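Notes to accompany the following structure.
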């Protein structure tokens with residue numbers, strides 16, 4: 001049948017076209033669906049970034065951050081500012097990718113491997129034989145919401161970006177005089193007297209009438225929205241649940257005991273002494289040959305008289321750490337020594353003297369002096385640890401099979417989660433008040449962006465069908481369904497009257513504080529000798545703001561130094577108003593040598609970053625970057 005379809009694929013495609021297109025005409029398609037999803041939000045080097053690209057990138061970014069920081073306030077991740085920051089990162093990545101392509105920069109596999117090995121968390125996953133623990137590596141990058149392929153693509157991209165901007169940023173240079181001038185301006189200090197006008201001091205003067213509250217409520221209805229909510233059921237499939245369903249066979253346990261008793265009992269340790277003739281791996285070949293010949297000569301000597309090994313080591317070994325002890329290295333286990341030394345030591349019998357062993361340090365002669373073998377525990381002593389290990393291994397092997405059954409189950413019986421839960425012995429969990437955006441600090445399945453997106457799809461809400469099975473973590477899947485849905489609504493005034501009153505009073509109190517502050521500023525400017533209410537003088541700077549708001553410090557330092565004393569007024573919004581009298585400049589104390597060196601390094605880093613930003617702006621112009629999505633307005637308050 002399928003062979004027939006393959007041979008007549010053009011006819012089949014025509015039939016599908018004739019069948020499908022009229023169904024669109026009859027049923028209709030939301031005209032906004034494709035236009036919204038395909039809207040171009042940015043363009044780089046003639047290539048579009050569409051709304052769907054932006055949405056997907058932000059979802060992946062938030063999932064990654066939530067996986068790393070489950071207690072982070074989810075509202076921060078889903079704010080307009082956070083979404084726009086994702087778009088700007090996408091644009092920046094596309095710009096640097098375009099530059100890398102124009103420069104023909106490619107990251108080879110060997111360069112990628114070196115970069116990965118330089119990451120401490122990944123280097124720690126290497127086994128004693130030098131290979132990488134693939135499962136641990138997958139779990140490590142999975143905790144960041146990434147697959148190994150996705151993580152490695154990011155590393156390749158970062159390497160290319162560093163190649164693009166590294167030369168420019170590395171060229172940043174400044175003379176000592178320029179550094180001093182800039183740092184003196186940055187750390188400038190000023191003596192000021194400040195008067196604060198706090199809204200709380202004016203709240204008693206605000207007595208709102210019902211009409212005032214109604215007016216405030218009507219003009220701020222967006223502040224009194226209740227997000228859509230759902231009561232849900234969900235099930236989770238993970239390694240623990242798969243492991244709980246595994247029953248071990250006694251014979252399998254006995255076999256496992258025989259095969260693994262040595263490992264489970266503990267690591268064997270060996271004690272050895274050695275004689276080392278130094279010859280670093282990068283030494284000239286002639287020097288290494290000379291060292292090898294010397295080691296061979298000493299080997300013949302100690303094999304003729306094994307009892308003299310310690311004395312020969314004291315006189316001739318070039319390992320300063322062990323020579324004084326007759327070459328004794330004490331007990332060590334697997335992984336403690338370099339591989340050629342370890343392989344030789346663990347292949348020897350007690351009392352054996354090895355052949356000459358070559359390592360990166362030089363040439364060794366090894367005498368095995370002792371073997372410490374842990375006592376062999378009984379089967380019953382090891383039963384708990386063996387059962388745990390064997391169940392874990394079987395659960396890992398079985399998970400893919402169970403996961404497929406789980407995914408099929410939630411799809412095939414989409415009106416309930418109970419059948420799949422009963423089949424796989426899972427619990428059906430419930431939750432209420434679930435929203436599209438996880439609550440601050442939320443963890444677990446209902447904090448997963450992909451699952452929430454599926455849960456709040458139109459099909460899930462309208463038809464109460466199961467979501468698809470969603471991977472929410474390494475070896476962890478979940479599915480959910482809506483049982484009760486409450487649409488978003490504007491809360492009525494009667495429900496939020498006390499909150500409306502508090503907000504109204506706060507707003508009017510801030511207005512009164514601002515007006516009073518502006519009046520005092522004008523009066524004190526006109527008659528400085530009559531200024532009353534100023535606090536005692538303090539010295540402020542950018543690095544020592546003395547607990548003053550950043551807006552006040554910036555205004556004080558922004559006053560012209562040529563017209564001191566000077567008066568400045570600062571509108572602090574919901575925090576009221578401040579009036580500051582700037583009395584004088586206070587010379588900066590000369591920093592000590594260490595501080596001066598650290599400040600210079602920091603300044604050069606800032607300068608390097610500035611060069612990088614300037615180059616990025618140049619590249620944006622070169623690749624004709626357009627960001628069509630409007631930048632969100634800054635949050636007030």
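Each reported figure results from applying straightforward, stated rules to the coordinates on display, with no laboratory input. Bear in mind that the values here come from a model prediction, so they are computed numbers and not experimental data. A quick note on method: Cβ atoms are made from the backbone with ideal geometry, for glycine too, and the neighbour counts reach across all protein chains shown.
Starting from 0.36 nm per residue, how many nanometres of slack lie between residue 596 and residue 211 once their C-alpha separation is accounted for?
Numbers: separation 385, 0.36 × 385 = 138.60 nm, distance 6.18 nm.
Fully extending the segment from residue 596 to residue 211 adds 132.4 nm.
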- If only Cα atoms are counted, what is the Rg of the stretch 260-309, and what is its Dmax, in Å? 17.0, 48
- Note on the structure: Among the stretch 160-198, those whose backbone N falls under 18 Å of a label point 7 Å along Cα→Cβ from residue 45 are 160-168
- Can you list, bin by bin at 10 Å, the percent of alpha carbon pairs in the stretch 496-552, starting at 0? 18, 29, 34, 16, 4
- Query: What does the highest-first list of 328-335, 499-506 look like by mean Cβ count within 10 Å?
  - Reply: 499-506, 328-335
- For residue 352 and residue 330, what is the calculated FRET efficiency with R₀ set at 22 Å and r taken between the beta-carbons, to the nearest 0.05? 0.80
- Query: Between residue 76 and residue 560, what FRET efficiency comes out of the Förster formula 1/(1 + (r/R0)^6) with R0 = 30 Å and r the beta carbon distance, rounded to 0.05?
  - Reply: 0.20
- Take the Cα radius of gyration of the stretch 346-429 and divide it by 2.2 N^0.38 Å, with N its residue count; two decimals is plenty. 2.23
- One point scatterer per Cα, no solvent, Debye formula: log10 I(q)/I(0) for the stretch 557-623 at q = 0.15 Å⁻¹ comes out as -0.88
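According to the Kirkwood expression over distinct Cα-Cα pairs, how big is the hydrodynamic radius of the stretch 194-343, in Å?
Working: mean 1/r = 0.0398 Å⁻¹.
Taking every pair of different Cα atoms in the stretch 194-343, averaging 1/r and inverting gives 25.1 Å.
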- Task: Once you have all Cα-Cα distances for the stretch 509-626, histogram them in 5 Å bins from zero and send the whole-percent values.
- Result: 2, 9, 13, 15, 14, 11, 10, 9, 10, 5, 1, 0, 0
- Which FRET efficiency value, to the nearest 0.05, is calculated for residue 118 and residue 338 with the Förster distance at 30 angstrom and r the Cβ-Cβ distance? 0.90
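Fully extended, how many nm does the chain gain between residue 218 and residue 392 (0.36 nm per residue separation, minus their Cα-Cα distance)? Don't skip to the end; give the middle numbers.
Working: separation 174, 0.36 × 174 = 62.64 nm, distance 5.96 nm.
Full-extension gain reported as 56.7 nm.
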- Stokes-Einstein at 25 °C, 0.890 mPa s, Kirkwood radius from Cα pairs: D for the stretch 267-372 in µm² s⁻¹? 180 µm²/s
- Message: What distance in nm lies between label points placed 7 Å from Cα along the C-beta direction at residue 629 and residue 180?
- Response: 4.8 nm
- Label-point separation, residue 546 to residue 618 (7 Å along Cα→Cβ), nm: 4.4 nm
- Contour excess over end-to-end distance, with Cα ends at residue 457 and residue 198 and 0.36 nm allotted per residue: 88.6 nm
- Task: Provide, as a two-decimal number, the C-alpha radius of gyration of the chain over 2.2 N^0.38 Å, N being how many residues it has.
- Result: 1.41
- Item | Anisotropy class of the stretch 398-477 from Cα gyration tensor, a/c 1.5 cut | oblate
